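Worksheet: the structure to be examined is printed underneath.
The values are calculated or read from the model by the stated rules, or taken from the named source; none is laboratory data. Nothing here was measured: the structure is a model prediction, and the numbers come from that model. Here the Cβ is made from the backbone with ideal geometry for all residues, glycine too, and neighbour counts use every protein chain on show. SASA here: full protein model, heavy atoms, side chains in, ligands and nucleic acids out. Shrake-Rupley method; radii C 1.70, N 1.55, O 1.52, S 1.80 Å.
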Amino acid sequence: MNPPALFSRRDFLAATAAAAAATATRARGAAAAAPAAGLVDTHVYLGRWPFRRAPLDEPAALVAKLRAHGVTAAWAASLDALLHKDIAGLNARLAEECARHGAGLLVPVAALNPSLLGWERELRRCASEHRMRAVRLHPNYHRYTLADPLAARVLGLAAELGLLVQIPLLMEDERTIHPLVNVPPVNAAPLADLLKKIPALRVQLLNAHRTLRGAPLLSLAAQGVHFDLSNLEGVEGVTHLLSQLPVQRLCFGSYAPVFYFEAAMLKLKESVLDDATLAAVRSANAHRLLARA
Amino acid sequence: MTIWDLHCHLSGIAGATPEARLGNLLAIADRMGIERLCVYMGMTWAHDPSPEKMRQENDDVLRAIAKFPDRAFGFVYLNPKHTAASLAELERCVAQGPMVGVKLWVAQRCSAAELDPIIRRAAELKAVIFQHTFYKLTGNLPGESTPEDFVALASRHPTVPLICGHTGADWERGIQAIRHVGTAHADLAGCDPVAGYAEMAVRELGAGRVIFGSDAPGRSFSSQLAKVHGAAIPDSAKRLILSENLKRLLLPILTAKGIRV
Ligand SMILES: [Zn+2]
């Protein structure tokens, strides 16, 4: 299918030599900063993908898969949030399911649709009653952009409540998306301004690597934005990405159960990564990110 | 489990020469437990290659596989619009050369009659035939086939096994399109590792008609292997998909060429 490489070959070759030394330095720094144990999957979902059953879309099945691969924490949001209107109901259900399955493995991530009235109260309730520490936004499914004033209010409140904001830039390949829900990928560029205006804001972009690459990705990273590796493509994708992206900015994330969990896991083997880099990507960066939020 | 990869290219990996690129790709394949790679085109991409460009692409692959005869199989890249030149390339690279398969991409929709002499000659040579297909909501290229084009071709050559590249990418529809054609095989390569893909292919086609491919280096081996390693299917089905089906398709031409595997 000939997907474009992550960076152009010229970019890659130019960056590689300069980055090699820097990567080693960064990796040492990351190791010193954080505990290495564990595997944190920053990107899983409960609920149902609207367009097909996924083999692991029951919480017990997902938990069994995650446990079998050594996952120690999984940040779980609700797929139902894409199209449902009763957000309070699904947040309560998510909190309950995360408590019931996995003995603490699943960390609930709030749903929010700010096009529905009462969203502010709902987000406050997620933080205070459900004790959620992150919110996952789907602006393209909820019909706003990050340039809208509404987005500034949402991100401002999330920062005030100390919530990490996760934003998947897309949920599926635009070439094979369902024609009735043909939403565009989220444009992340307005985040640059929002991060300046809201200093306490912490953001992780998920499923970012198909539409956000090179300089725009790196400048957001320089402002503190984190990423996951769920839709990172190309052979040795992690090595290529980390030849430019500071290792502190990359977290493990699988997008299970929509994607096969094993894809993310195998990426850590396909790229040759030293212990410090592995520790940073597997868990240390995620622990630090959620602790700060 | 033995793993053979149906679908690799020479683009998207470091290396000044075709053999350097294939060498680098094989080093990564080693880490992922992949024993053999089928390789076609890609030093530079050409959607609608001239006869000269076609020969150049195939020369690149010949050069690469000559360095790694025990690890890589070559597929000859053909453009049916240049039918005579394609038939000549088939003779040069497969009949007289070491290649064992045919790659057809996006120059011309595969329902076109121009493909018929190519398919007939490739079948005589026992070459494995791979046809790219895609259902693109954003619009196919003018010469880009859908699985329906593929089925039209397969119906005109009912005794020839054919591989439906990417299974149309919109794989639920692709699987449905080729289900009733017993000679049609599904290539798992090149799309996102969406859970359920391999399960549905095995359920609807049978594990004997599903073949692992990666579309590396543009795709990661990891995302593509996950479709099989992560699927809720029996180990016997995984073995068929990861190597045994491809071996079965290749066996006649490997035997004819005296290539032992
Ligand atoms: Zn390909």
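Taking the options A:Pro185, A:Pro190, name whichever one is more than 14 Å from chain B (Cβ to nearest Cβ) and in contact (Cβ under 8 Å) with a residue 24 or more places away in the chain.
Values: A:Pro185 fails: more than 14 Å from chain B (Cβ to nearest Cβ).
Just a single option satisfies the conditions, and that option is A:Pro190.
I need every pair where a residue in the stretch B:21-33 that is within 9 Å of chain A (Cβ to nearest Cβ) has its Cβ under 8 Å from the Cβ of a residue that is in a helix (DSSP H, G or I) and among the aromatic types (Phe, Trp, Tyr), sequence separation at least 6 or different chains.
B:Ile28/B:Phe221; B:Ala29/B:Phe221; B:Met32/B:Phe221
Within the stretch B:143-186, how many residues turn out to be assigned to a loop (DSSP other than H, G, I, E, B), polar (S, T, N, Q) and within 15 Å of the ligand (Cβ to nearest atom)?
Of the stretch B:143-186, the ones assigned to a loop (DSSP other than H, G, I, E, B) are B:143-146, B:157-161, B:169-170, B:179-183.
Still in the running and polar (S, T, N, Q): B:145-146, B:159, B:183.
Filter once more, so that each one left must be within 15 Å of the ligand (Cβ to nearest atom): B:145.
Of the residues in that region, 1 qualify.
Considering every residue within the stretch B:200-215, establish whether at least one is within 9 Å of chain A (Cβ to nearest Cβ), open to solvent by 10 Å² or more (accessible area, probe 1.4 Å) and at pLDDT 95 or above.
Yes: one or more hits.
Looking at (1) farther than 20 Å from A:His178 by Cα; (2) open to solvent by 10 Å² or more (accessible area, probe 1.4 Å); (3) of a type in the set (A, V, I, L, M, F, W, C); (4) touching a residue at least 60 places away in the same chain (Cβ under 8 Å), which is the one condition that is false for B:Ile163?
Going through (1) farther than 20 Å from A:His178 by Cα; (2) open to solvent by 10 Å² or more (accessible area, probe 1.4 Å); (3) of a type in the set (A, V, I, L, M, F, W, C); (4) touching a residue at least 60 places away in the same chain (Cβ under 8 Å) one by one, B:Ile163 breaks only (2).
Which residue pairs have Cβ atoms closer than 6 Å, lie 6 or more positions apart in sequence or on different chains, and pair a first residue in the stretch A:92-106 that is farther than 11 Å from A:Ala77 by Cα with a second residue that is at pLDDT 95 or above and open to solvent by 50 Å² or more (accessible area, probe 1.4 Å)?
A:His101/A:Ala60
Got a number for residues in the stretch A:74-86 being assigned to a helix (DSSP H, G or I) and either more than 14 Å from chain B (Cβ to nearest Cβ) or open to solvent by 20 Å² or more (accessible area, probe 1.4 Å) (or both)? Give the steps one after another, and end with the answer.
Quick first cut of the stretch A:74-86, residues assigned to a helix (DSSP H, G or I) only: A:79-82.
Narrowing the set further to residues that are either more than 14 Å from chain B (Cβ to nearest Cβ) or open to solvent by 20 Å² or more (accessible area, probe 1.4 Å) (or both) leaves A:80-82.
Number of matching residues: 3.
Go through (1) more than 14 Å from chain A (Cβ to nearest Cβ); (2) within 16 Å of the ligand (Cβ to nearest atom); (3) outside any helix (DSSP H, G or I); (4) touching a helix residue (DSSP H, G or I) at 6+ places or on another chain (Cβ under 7 Å) and name the single condition B:Gln131 misses.
Unmet for B:Gln131, out of (1) more than 14 Å from chain A (Cβ to nearest Cβ); (2) within 16 Å of the ligand (Cβ to nearest atom); (3) outside any helix (DSSP H, G or I); (4) touching a helix residue (DSSP H, G or I) at 6+ places or on another chain (Cβ under 7 Å): (1).
Within the stretch A:244-264, how many residues are within 14 Å of another protein chain (Cβ to nearest Cβ) and either surrounded by fewer than 23 Cβ atoms within 10 Å (Cβ to Cβ) or of a type in the set (S, T, N, Q) (or both)? Full working, then the answer.
Of the residues in the stretch A:244-264, the ones within 14 Å of another protein chain (Cβ to nearest Cβ) are A:252-264.
Adding the requirement that they be either surrounded by fewer than 23 Cβ atoms within 10 Å (Cβ to Cβ) or of a type in the set (S, T, N, Q) (or both) leaves A:254.
Total satisfying the criteria: 1.
Can you pull out the residues in the stretch B:197-221 that are among the aliphatic types (A, V, I, L, M) and within 16 Å of the ligand (Cβ to nearest atom)?
From the stretch B:197-221, those among the aliphatic types (A, V, I, L, M) are B:198, B:200-202, B:205, B:207, B:210-211, B:216; that's our starting set.
Hits for the stretch B:197-221 are B:Ile211, B:Ala216.
Results for (1) surrounded by fewer than 23 Cβ atoms within 10 Å (Cβ to Cβ); (2) more than 27 Å from A:Tyr141 (Cα to Cα); (3) in contact with a helix residue (DSSP H, G or I) (Cβ under 9 Å, 6 or more places away or on another chain), shown as yes or no for each residue.
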{"position": "A:Thr42", "(1), (2), (3)": "no, no, yes"}
{"position": "A:Glu58", "(1), (2), (3)": "yes, no, no"}
{"position": "A:His69", "(1), (2), (3)": "yes, yes, yes"}
{"position": "A:Thr72", "(1), (2), (3)": "yes, yes, yes"}
{"position": "A:Leu90", "(1), (2), (3)": "yes, no, yes"}
{"position": "A:Arg100", "(1), (2), (3)": "yes, yes, yes"}
{"position": "A:Leu106", "(1), (2), (3)": "no, no, yes"}
{"position": "A:Ala110", "(1), (2), (3)": "no, no, yes"}
{"position": "A:Leu116", "(1), (2), (3)": "yes, no, yes"}
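Among the residues that make up the stretch B:82-97, is at least one of them within 16 Å of the ligand (Cβ to nearest atom), of a type outside the set (D, E, K, R) and either more than 14 Å from chain A (Cβ to nearest Cβ) or open to solvent by 10 Å² or more (accessible area, probe 1.4 Å) (or both)? Give the steps one after another, and end with the answer.
Our first condition is that a residue be within 16 Å of the ligand (Cβ to nearest atom); within the stretch B:82-97, this holds for none.
No - not one qualifying residue is present in the stretch B:82-97.
Is there a residue being of a type in the set (Phe, Trp, Tyr), touching a residue at least 60 places away in the same chain (Cβ under 8 Å) and within 15 Å of the ligand (Cβ to nearest atom) anywhere in the stretch B:38-45?
Step one: filter the stretch B:38-45 for residues of a type in the set (Phe, Trp, Tyr), giving B:40, B:45.
Now narrow it down to the ones that are touching a residue at least 60 places away in the same chain (Cβ under 8 Å): B:40.
Remaining after also requiring within 15 Å of the ligand (Cβ to nearest atom): B:40.
Yes, that holds for at least one residue.
Can you name the condition, by its number, that A:Ala221 falls short on among (1) within 11 Å of chain B (Cβ to nearest Cβ); (2) touching a Phe, Trp or Tyr at 6+ places or on another chain (Cβ under 8 Å); (3) over 27 Å from A:Leu62 (Cα atoms)?
Unmet for A:Ala221, out of (1) within 11 Å of chain B (Cβ to nearest Cβ); (2) touching a Phe, Trp or Tyr at 6+ places or on another chain (Cβ under 8 Å); (3) over 27 Å from A:Leu62 (Cα atoms): (1).
Can you find, within the stretch B:230-259, the residue that is farthest from the other protein chains (Cβ to nearest Cβ) among those that are open to solvent by 60 Å² or more (accessible area, probe 1.4 Å) and closer than 19 Å to B:Ile175 by Cβ?
B:Pro234
Taking the stated definitions as given, is B:Val194 farther than 26 Å from B:Gly218 by Cα, more than 16 Å from the ligand (Cβ to nearest atom) and either touching a Lys or Arg at 6+ places or on another chain (Cβ under 6 Å) or open to solvent by less than 30 Å² (accessible area, probe 1.4 Å) (or both)?
Values: farther than 26 Å from B:Gly218 by Cα: no; more than 16 Å from the ligand (Cβ to nearest atom): yes; either touching a Lys or Arg at 6+ places or on another chain (Cβ under 6 Å) or open to solvent by less than 30 Å² (accessible area, probe 1.4 Å) (or both): yes.
When the stated conditions are applied, B:Val194 does not pass them.
Tell me, which residue of the stretch B:105-126 that is within 16 Å of the ligand (Cβ to nearest atom) and over 24 Å from B:Ile253 (Cα atoms) is surrounded by the fewest Cβ atoms within 10 Å (Cβ to Cβ)?
Step one: list which residues in the stretch B:105-126 are within 16 Å of the ligand (Cβ to nearest atom), which gives B:105-107, B:110.
Going one step further and asking which of them are over 24 Å from B:Ile253 (Cα atoms), we end up with B:106-107.
Numbers: B:Val106: 22, B:Ala107: 25.
So, considering only residues that are within 16 Å of the ligand (Cβ to nearest atom) and over 24 Å from B:Ile253 (Cα atoms), the one surrounded by the fewest Cβ atoms within 10 Å (Cβ to Cβ) is B:Val106.
Among (1) closer than 25 Å to B:Val100 by Cα; (2) outside any loop (DSSP other than H, G, I, E, B); (3) at the interface with chain A (Cβ under 9 Å from one of its Cβ atoms), there is one condition B:Ser223 misses while meeting the rest; what is its number?
All conditions are met except number (1).
Which one of B:Lys136, B:Lys227 is surrounded by fewer than 24 Cβ atoms within 10 Å (Cβ to Cβ), basic (Lys, Arg) and within 16 Å of the ligand (Cβ to nearest atom)? Give the derivation first.
Working: B:Lys227 fails: surrounded by fewer than 24 Cβ atoms within 10 Å (Cβ to Cβ).
Matching residue, one of B:Lys136, B:Lys227: B:Lys136.
Quick one: B:Glu52 ticks every box in (1) in contact with a helix residue (DSSP H, G or I) (Cβ under 8 Å, 6 or more places away or on another chain); (2) away from the ligand (no atom under 15 Å from the Cβ); (3) open to solvent by 10 Å² or more (accessible area, probe 1.4 Å) except a single one, so which number is it?
If we test B:Glu52 against (1) in contact with a helix residue (DSSP H, G or I) (Cβ under 8 Å, 6 or more places away or on another chain); (2) away from the ligand (no atom under 15 Å from the Cβ); (3) open to solvent by 10 Å² or more (accessible area, probe 1.4 Å), just (1) comes out false.
Let me confirm something: among A:Met132, A:Met171, which residue is in contact (Cβ under 8 Å) with a residue 12 or more places away in the chain, within 19 Å of A:Cys98 (Cβ to Cβ) and assigned to a loop (DSSP other than H, G, I, E, B)?
Working: A:Met171 fails: within 19 Å of A:Cys98 (Cβ to Cβ).
A:Met132 is the lone residue from the list that is in contact (Cβ under 8 Å) with a residue 12 or more places away in the chain, within 19 Å of A:Cys98 (Cβ to Cβ) and assigned to a loop (DSSP other than H, G, I, E, B).
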